Amino acid sequence: MAYITHVQPFLDRQTETWTYVVYDKVGGQAAIIDPVLDFDYASGRTSSKNAQEVIDFVHQQQLTVVWILETHAHADHLSAAPLIRQQLGGKIATGDKITQVQKTFKDAFNLEKEFSVDGSQFDYLFAEDEVFQLGQLACKAIATPGHTPSDMSWIIGDAVFIGDTLFMPDVGTARCDFPGGDAATLYRSAKKLLAMPMDTRLFTCHDYPVGDREYQYVATVAEQREKNIHLRDGISEEEFVAMRAKRDAGLAMPRLIIPSIQVNIRAGNMPPAEDNGTVYLKLPINRLGS
Ligand SMILES: [Fe+2]
């Protein structure tokens, strides 16, 4: 079958994140999903190698960027959304429950009083089931909380971008132990995705290949329902929640969670510079993790 939606994936090997350029046709309208800003923790330096690949592709295909979509406030990489917007235009958007995540982390990081928790750092917040258009492609914002309270999936034409819900079938599902995360909620969100037509393509935000297989980014609903190690047909919510609790208890915090969260709840912007003109991030001691 011929697919309608054009999807160009980009892999950041450092954080094993997939960024997508999604568009209706060459010369048409595009959305960029989950762009990555390169970040070297040891030096505190950012760079734009990943973002530049995306920008070059958009120019080559002569696309007009309408949306820069974040599936959620990522804990493993810094967003390059502001850099992409500066170079290509478009509106930075995410789900409207981002306000909950902002409240949680404003408190955890004791952020400046002026940091507002109304989502206004983003250009636009999508409500659950809100419909929109990308050129010739009909789109819909689907709320898929569980990994975090504000996770969204984006239906764009005949493709669905599922963020951190399901991963490839042999990897399973996203962790649910971040503040506001909940395994039963993730189970119900994933079931919503798995109720879509069997040949629907589900594009994931990460891949963590098992053994020596190559990185992959897409599986159909049918493949997920048959083979997903955590959520194939027949696995109950109770079994899933028990499996996730056990698994999450053994996971370390992602390497870049502390810088990522502080930047990503500001829609990818850095905190205000201090009076010497330099931007600093905080490191809370004995506050996150366990
Ligand atoms: Fe995530």
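The values are calculated or read from the model by the stated rules, or taken from the named source; none is laboratory data. Bear in mind the structure is a predicted one, so any value in this text is a computation, not a measurement. So basically every Cβ, Gly included, is an ideal-geometry build from the backbone, and we count neighbours across all protein chains shown. Remember, those area values only see protein heavy atoms, side chains included, never the ligands or the DNA or RNA. Shrake-Rupley method; radii C 1.70, N 1.55, O 1.52, S 1.80 Å.
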Odd one out for LYS140 among (1) open to solvent by 40 Å² or more (accessible area, probe 1.4 Å); (2) away from the ligand (no atom under 16 Å from the Cβ); (3) under 30 Å from VAL221 (Cβ atoms); (4) touching a Gly at 6+ places or on another chain (Cβ under 8 Å) = (4)
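Just to be sure before I move on: is THR165 within 21 Å of GLN224 (Cα to Cα) and free of Cβ contacts under 8 Å to residues at least 40 places away in the same chain in the structure I sent?
Numbers: within 21 Å of GLN224 (Cα to Cα): yes; free of Cβ contacts under 8 Å to residues at least 40 places away in the same chain: yes.
Yes.
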Failed item, numbered, when THR204 is tested on (1) among the polar types (S, T, N, Q); (2) more than 16 Å from the ligand (Cβ to nearest atom); (3) under 21 Å from the mean Cα position of the chain (by Cα) | (2)
Just a yes or no: is a residue in the stretch 181-190 modelled with pLDDT of 95 or more, part of a strand (DSSP E or B), within 14 Å of the ligand (Cβ to nearest atom) and not small (Gly, Ala, Ser)?
-> no
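Given the condition in contact (Cβ under 8 Å) with a residue 60 or more places away in the chain, outside any helix (DSSP H, G or I) and open to solvent by 70 Å² or more (accessible area, probe 1.4 Å), answer yes or no: does some residue in the stretch 200-210 qualify?
yes
If you check ASP233, ASP248, which single one turns out to be out of contact with any Gly (no Cβ under 6 Å at 6 or more places or on another chain) and away from the ligand (no atom under 16 Å from the Cβ)? Spell out how you get there, then give the answer.
Details: ASP248 fails: away from the ligand (no atom under 16 Å from the Cβ).
Within the list ASP233, ASP248, the selection yields ASP233.
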Taking the residues in the stretch 262-273 that are open to solvent by less than 10 Å² (accessible area, probe 1.4 Å) and hydrophobic (A, V, I, L, M, F, W, C) as candidates, determine which candidate is nearest to TYR124 (Cα to Cα).
-> ALA267
Within the stretch 13-49, can you find the residues that are farther than 19 Å from CYS139 by Cβ, touching a Phe, Trp or Tyr at 6+ places or on another chain (Cβ under 7 Å) and not in a loop (DSSP other than H, G, I, E, B)?
-> THR46
Here are some residues: ASP96, ASP38, ASP24, ASP56. Which one is of a type in the set (D, E, K, R) and touching a helix residue (DSSP H, G or I) at 6+ places or on another chain (Cβ under 8 Å)?
-> ASP38
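THR104 - would you say it is within 16 Å of the ligand (Cβ to nearest atom) and over 18 Å from CYS205 (Cα atoms)?
Numbers: within 16 Å of the ligand (Cβ to nearest atom): yes; over 18 Å from CYS205 (Cα atoms): yes.
Taking the combined requirement at face value, the residue satisfies it.
Results for (1) open to solvent by less than 30 Å² (accessible area, probe 1.4 Å); (2) closer than 23 Å to VAL279 by Cα; (3) away from the ligand (no atom under 16 Å from the Cβ), shown as yes or no for each residue.
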position: ALA75; (1), (2), (3): yes, yes, no
position: LEU78; (1), (2), (3): yes, yes, no
position: PRO82; (1), (2), (3): yes, yes, yes
position: GLY90; (1), (2), (3): yes, no, yes
position: LYS97; (1), (2), (3): no, no, no
position: GLU112; (1), (2), (3): no, yes, yes
position: SER116; (1), (2), (3): no, yes, yes
position: SER120; (1), (2), (3): no, yes, yes
Tally the residues that are open to solvent by 20 Å² or more (accessible area, probe 1.4 Å) and on the phi > 0 side of the Ramachandran plot, restricting the search to the stretch 147-196.
-> 2
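Does VAL65 satisfy being part of a helix (DSSP H, G or I), crowded, with 21+ Cβ neighbours inside 10 Å and more than 16 Å from the ligand (Cβ to nearest atom)? Show your work before the answer.
On the way: part of a helix (DSSP H, G or I): no; crowded, with 21+ Cβ neighbours inside 10 Å: yes; more than 16 Å from the ligand (Cβ to nearest atom): yes.
So VAL65 does not fit the description; no.
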Scanning the stretch 32-59 for residues that are open to solvent by less than 30 Å² (accessible area, probe 1.4 Å), out of contact with any Gly (no Cβ under 8 Å at 6 or more places or on another chain) and aliphatic (A, V, I, L, M) gives ILE33, VAL36, ALA51, VAL54, ILE55, VAL58
